[in-house]
Amino acid sequence: MGEGRGPVLRLLAAGRPAGGRLGLAALCGALALGSGVGLMATSAWLISRAAQHPPVLVLMVAIVAVRAFGIGRGVFRYAERLIGHDATFRILADLRVRVYERLERLVPAGLPQARGGDLLGRLVADVDAVQDLYLRVLLPSAAAVLVGGASVGLAWSLLPSAGVLLLAGLLLAGVVAPWLSAAVARRAEHRTADLRGELTAHVVDVLHGAPELVAYGAAADRLATAARLDDGLTRAAARSSATAGAGAAVTALAGGLAVWGALVVGIPAVRSGHLDGTLLAVLALLPLAAFEVVAGLPLAAQQLQRVRRSAARVFAVLDREEPVRDPAAPITLPEPPCTLRVTDVRARWTPDGPYALDGVSLDLTPGRRCALVGPSGSGKTTLTAVLLRFLSHESGLVTLNGVELSELAGDDVRRLVGLCGQDAHLFDTTIGENLRLARRSATDGEIRDALRRARLLDWVETLPRGLDTRVGEEGAQVSGGQRQRIALARALLADFPVLLLDEPAEHLDVSTADELTADLLAATEGRTTLLVTHRLAGLDAVDEIVVLDGGRVVQRGGHADLLARPGPYRAMWDRERRHDHALC
């Protein structure tokens, strides 16, 4: 994947498919700058020669050339911008898709400590920042080499000493000044990229948690932190701007020295007869146009530092090891009905971390419903991640109709094994569109049937707009229970042969949670189901209850059987009853 190369080299490799367009854009940019140099040189000669009042025919070629260079400068500049941006946006689109696809493969097991805002910053701001490599570094540098060399060649042909001075000035402005700008900006740009990611992550956290922050009086502290991060980012940006200003000053100084140098060597040359007097103006004004070629290079060097840091953050995502690797030649997906069997499985989230599952076994035969209970951290969610191929198990077997999951493609597994999680996302669109995510071809009748099975159809039919009612961002316009029922209806509409329900009643009050649990158990009757829950009420409806603790199975059996004997399950039941009684 190129992990051994630097981020800039990897970006150059990523731009190889658009190399033809970038080359054409560089040529147009060189022609635009060259037209500017030609316009200045020709105009200088034309004005000097016209002052001698020659016949008009002597000036006609220069007059036409001035017009051609003037028109060509605008046309070639427009073409360079059009072609260059087209090529760059193609590269960025491909890179953004690669980052998104990588994040899809990494979530949730591959990014256990990542913050959503920081990932958003990498996907948007950092990917956008790498465009500067092509638009503000490569294209200007290529044009500067071509046009700068041609300008030096023109000055040399008129007066070698003037060519040497122009070359020295261009090297000072186009090499030394950018190098100094890069050296000064390196640390500032490194800090700027990190601060930008921190600020994005913090702002996203504040926006998502705004109601809780206001309710607990913590908003002021969080806003103060945001202001501090913003202040740091502003200072870092100011240092970058100061560096860019210093580079521009060096370029302007070098350009002025080049003009004076041309006059210093040109005037004696005219007096001695080594240079035609009409060409002195060309030598004096040529540096003014030539230095336009290198004026942006100090800023380009600074942009390069920014690109390097942003690219490093992007490639840090692309290079992260996948928690699950699909086989090179996946086995064909088995046909339903499905039997999902877990045998003595061990799994953990990090290679050196403790085992979250340690010898767990479970059978989900067609139509069988099991409940997985246990304290937080007992391994319940880890098991669902293994069953969905979000996390690989280190030992033991997990088979689907006798086929080991590791021999199947993850996307194929998730066509048969579906999830309705505690934080199922609702998009800011209508109820109908949220359900159609499960099956785009679903009719309104099928959507209504799924809502009926989730015990939500009566409520939807009371709404003025029915299925066309918007739910708001993350379901903000509906209650927590309605939000979970919409997610359940979506899972039912998908018609997965095996359905995993991971804490669907989490974050709900006791009565709503128990009602939802009873309804989802009724809705999944006859469907192979694994219910992960911390609530024990209503579990007499499932075929088997598996109690986990510390990643191990400590009890299993039916609800009445587990209550009849001392153990973790009965202790959990007693605590739940005391808690519910206290709330009443």
Tell me yes or no: at least one residue of the range 496-511 is touching a residue at least 12 places away in the same chain (Cβ under 8 Å), among the polar types (S, T, N, Q) and out of contact with any Cys (no Cβ under 8 Å at 6 or more places or on another chain). no
Restricting attention to the range 279-289, does a residue exist that is at pLDDT below 85 and not hydrophobic (A, V, I, L, M, F, W, C)? no
Tell me, which residue of the range 371-399 that is surrounded by fewer than 17 Cβ atoms within 10 Å (Cβ to Cβ) and under 21 Å from residue 555 (Cα atoms) is modelled with the highest pLDDT? 397
All but one of (1) surrounded by fewer than 16 Cβ atoms within 10 Å (Cβ to Cβ); (2) in contact with a helix residue (DSSP H, G or I) (Cβ under 7 Å, 6 or more places away or on another chain); (3) farther than 25 Å from residue 289 by Cα hold for residue 227; which doesn't? (2)
Only listed residue being within 30 Å of residue 171 (Cα to Cα), out of contact with any Pro (no Cβ under 8 Å at 6 or more places or on another chain) and crowded, with 22+ Cβ neighbours inside 10 Å, chosen from 340, 304, 297: 304
Residues located in the range 304-342, provided they are within 30 Å of residue 530 (Cα to Cα) and among the hydroxyl-bearing types (Ser, Thr, Tyr): 332, 339
Yes or no: the range 404-415 includes at least one residue that is more than 22 Å from residue 572 (Cβ to Cβ), part of a loop (DSSP other than H, G, I, E, B) and either touching an Asp or Glu at 6+ places or on another chain (Cβ under 8 Å) or of a type in the set (A, V, I, L, M, F, W, C) (or both). yes
How about the range 295-328: which of its residues are hydrophobic (A, V, I, L, M, F, W, C) and either at pLDDT 85 or above or under 30 Å from residue 348 (Cα atoms) (or both)? 312, 314, 315, 316, 317, 318, 324, 328
Is the range 290-297 home to any residue that is over 30 Å from residue 28 (Cα atoms) and in contact (Cβ under 8 Å) with a residue 24 or more places away in the chain? no
Does residue 376 satisfy the criteria of being in the same structural domain as residue 524 (by TED's automatic domain parsing), in contact (Cβ under 8 Å) with a residue 12 or more places away in the chain, in contact with a helix residue (DSSP H, G or I) (Cβ under 9 Å, 6 or more places away or on another chain) and not in a strand (DSSP E or B)? no
For the range 455-513, which positions are part of a loop (DSSP other than H, G, I, E, B) and within 29 Å of residue 364 (Cβ to Cβ)? 455, 456, 495, 496, 497, 503, 504, 505, 506, 507, 508
For the range 274-283, state whether one or more residues are without any contact (Cβ under 8 Å) to a residue 40 or more places away in the chain and of a type in the set (Ser, Thr, Tyr). no
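The values are calculated or read from the model by the stated rules, or taken from the named source; none is laboratory data. Note that the coordinates shown come from a computational prediction; the quantities given were computed from them, not determined experimentally. Note that we place each Cβ from the backbone using ideal geometry, even for glycine, and neighbour counts take in every protein chain shown.
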